[in-house]
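Written below as structure tokens is the structure these notes are about.
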Amino acid sequence: MKKTWRTGALAVAAIGALALSSCGFSGDKGGDSASGSGGGSGESVALTMLIPTYSDGTKGLWEKTISAFEAKNPNIKITLEVQSWENIEGVLSNKIQSKQAPDIYNGGAISSFAEAGQLAKAEEITSPETLANFTDSFSENEKVAGTQYGLPLIASDRALFYNKALMKEAGVTDVPKTWDELLEASKKIKDKTGNPGYGMPLGKEEAQAEAAMWILGAGGSLGDEQNITIENDQTKDAFAQMKKMMDAGVTQSNPGSTQRTPMMSGFVQGKMGFVYALPPTAADIKKQNPKLDYGIAQPATKDGKPVTLGVADRLASFSQDQAKKDAVKKFMDFFFADDQYLAFVKGENFLPTTKSGATAMGSDEALKPFIDLLPSSKFYPTTNPAWSDTDAAFKALLGKLEKSSAEDIAKEIQAKADAAS
């Protein structure tokens, strides 16, 4: 029997609601009833935690949280493992195969693991008070066949970062809103300054995100909980425009093998005209190159109408042992309490997924460009069990767009999605 999967589009309304947080949320403090105290007695429990790197500060933020938690719960020890986004899915797969799946996992799509019965239910790894503090639609987006497994960790979206100094040097006066304008502006920057006009990372680190920005910009989508839709006119238009940018020579060298993280360093250092990036990029600029003259605007699209790719990552647990589930619950309640959680969210420059967190951060002006885009956010169809394989197909195949046709790449990715359905 075919199962019914909830669509990731439910998260769009939830993220949009963050922009109205100052008047819409209750301000409850999740986790007060289970702050992590009282863990000093009982049998010792060892937990493993696998997380990706969002920024240079990710590891330090988690280490600080874990240290504070262990101080209140000396019988619980957490071993932290940090991987790049490029490697984390492969590492997770190997751990599952060797029966060493992490007790706490921070990552992307989890529906296939839920379907296989490998995940603990959300109600097993957090208290009712903490669970109720998540914005409702985010919680809905974490449900598979009606059961919630993931705990929404962070929310964000992508915007167009632009280098004002390079634009001025190249004689570009207006920030591009359409594909044609972006291509023309990128050409001028490349011709006049010698720097890449646009950064296009098609390596396996985040090829799916770059593709999604262009597909959404063409008026398309990646599918929903029942169908993955890649091979269509909108995707072909998007891939054709991406190829046009590469063929025009306005991107960095070898875009097909470029990973996002090193490419972003080029923009931060002032050596690139335009890139799509998340809020943490602003923090990286402030830390690494505070004199950079840059701005943030809506993504360029085919028709100029704003749309963006939203991000909603989660924490989940592969724990099956009851003692470990209880220990994970203590950690989750400790982490999602405002004092710990908001320090993490602000440290990574993301948006919160909790009601109380949204209330606390709703007036942050630094997040305004991204908050303004939230109502137009679209999401990966992560509740479709075929999305994991589709995501992998983007990462493995999109780099070939540099030398292959838009039609062929769309067809190959769709074939991988169909095979997983």
- Are there any pairs, at least 6 apart or on different chains, whose C-beta atoms fall under 9 Å, with the first in region 122-150 and closer than 26 Å to P375 by Cβ and the second surrounded by fewer than 16 Cβ atoms within 10 Å (Cβ to Cβ) and among the hydroxyl-bearing types (S, T, Y), and if so, which? N133/S26
- Across region 56-92, what is the number of residues that are surrounded by 13 or more Cβ atoms within 10 Å (Cβ to Cβ), assigned to a helix (DSSP H, G or I) and of a type in the set (G, A, S)? 1
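I'd like the full set of residues that are of a type in the set (A, V, I, L, M, F, W, C), farther than 19 Å from S319 by Cα and at pLDDT 95 or above, limited to region 122-151. Give the derivation first.
Going through region 122-151, the residues of a type in the set (A, V, I, L, M, F, W, C) turn out to be 122, 125, 131-132, 134, 138, 144-145, 151.
From the residues that got through so far, the ones that are farther than 19 Å from S319 by Cα too are 132, 134, 138, 145.
Of everything in region 122-151, just one residue is of a type in the set (A, V, I, L, M, F, W, C), farther than 19 Å from S319 by Cα and at pLDDT 95 or above, namely A132.
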- Query: Would you pick out the residues in region 97-120 that are surrounded by 15 or more Cβ atoms within 10 Å (Cβ to Cβ) and modelled with pLDDT of 95 or more?
  - Reply: A101, P102, D103, I104, Y105, N106, Q118, L119, A120
- Message: For region 113-162, give me each residue that is assigned to a helix (DSSP H, G or I), among the hydrophobic types (A, V, I, L, M, F, W, C) and either under 19 Å from the mean Cα position of the chain (by Cα) or more than 27 Å from I215 (Cβ to Cβ) (or both).
- Response: F113, A122, L131, A132, F138
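For region 163-179, enumerate the residues that are in contact (Cβ under 8 Å) with a residue 12 or more places away in the chain and either over 21 Å from M213 (Cα atoms) or assigned to a helix (DSSP H, G or I) (or both).
Listed by number, the residues that qualify are K164, A165, L166, M167, E169, A170, G171, V172, W179.
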- Task: Those residues that are surrounded by 12 or more Cβ atoms within 10 Å (Cβ to Cβ) and modelled with pLDDT under 95, I need them from region 28-52; list them, please.
- Result: D28, K29, G30, G31, D32, S33, A34, S35, G36, G39, G42
- Mind checking whether some residue in region 260-280 is assigned to a loop (DSSP other than H, G, I, E, B), under 28 Å from G219 (Cβ atoms), modelled with pLDDT of 95 or more and not assigned by TED's automatic domain parsing to the domain that holds F350? yes
- Query: Only one of P352, P369, P375 is crowded, with 23+ Cβ neighbours inside 10 Å, touching a residue at least 40 places away in the same chain (Cβ under 8 Å) and not basic (K, R); which?
  - Reply: P352
- Query: Based on what the data block shows, is K204 in a helix (DSSP H, G or I), out of contact with any strand residue (DSSP E or B) (no Cβ under 6 Å at 6 or more places or on another chain) and among the basic types (K, R)?
  - Reply: no
- Quick one: E181 ticks every box in (1) under 23 Å from G217 (Cβ atoms); (2) crowded, with 21+ Cβ neighbours inside 10 Å except a single one, so which number is it? (2)
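State which residue is nearest to the chain's Cα centre (by Cα) when the search covers only region 323-355 and only residues that are in a helix (DSSP H, G or I) and among the aromatic types (F, W, Y). Show your work before the answer.
To start, the set of residues in region 323-355 that are in a helix (DSSP H, G or I) comprises 323-336, 338-348, 355.
Now restrict to residues that are among the aromatic types (F, W, Y): 331, 334-336, 341, 344.
Values: F331: 22, F334: 23, F335: 19, F336: 19, Y341: 17, F344: 15 Å.
Ranking the qualifying residues of region 323-355, first place goes to F344.
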- All but one of (1) surrounded by fewer than 23 Cβ atoms within 10 Å (Cβ to Cβ); (2) over 27 Å from V45 (Cα atoms) hold for V275; which doesn't? (1)
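Across region 314-329, which residue is nearest to V144 (Cα to Cα) among those that are crowded, with 20+ Cβ neighbours inside 10 Å and out of contact with any Phe, Trp or Tyr (no Cβ under 8 Å at 6 or more places or on another chain)? Reasoning before the result, please.
Let us first name the residues in region 314-329 that are crowded, with 20+ Cβ neighbours inside 10 Å, namely 314-319, 324, 327-329.
Checking the rest, the ones that are also out of contact with any Phe, Trp or Tyr (no Cβ under 8 Å at 6 or more places or on another chain) come to 314, 319, 324, 327-329.
Details: R314: 14, S319: 18, K324: 22, A327: 24, V328: 21, K329: 20 Å.
Per the criteria, the residue is R314.
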- Item | First in region 47-72 and over 13 Å from F334 (Cβ atoms), second anywhere and hydroxyl-bearing (S, T, Y), Cβ under 6 Å, 6 or more apart | T48/T79; L50/Y105; T53/S84
- Does any residue in region 76-89 that is of a type in the set (G, A, S) come within less than 8 Å, Cβ to Cβ, of a residue that is part of a strand (DSSP E or B) and buried (at least 16 other Cβ atoms within 10 Å of the Cβ) six or more places away or on a different chain, and which pairs are these? S84/P52
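The values are calculated or read from the model by the stated rules, or taken from the named source; none is laboratory data. Quick caveat, the model's predicted, so the values are computed rather than measured. In this analysis, Cβ positions are derived from the backbone assuming ideal geometry, glycine residues included, and neighbour counts consider all displayed protein chains.
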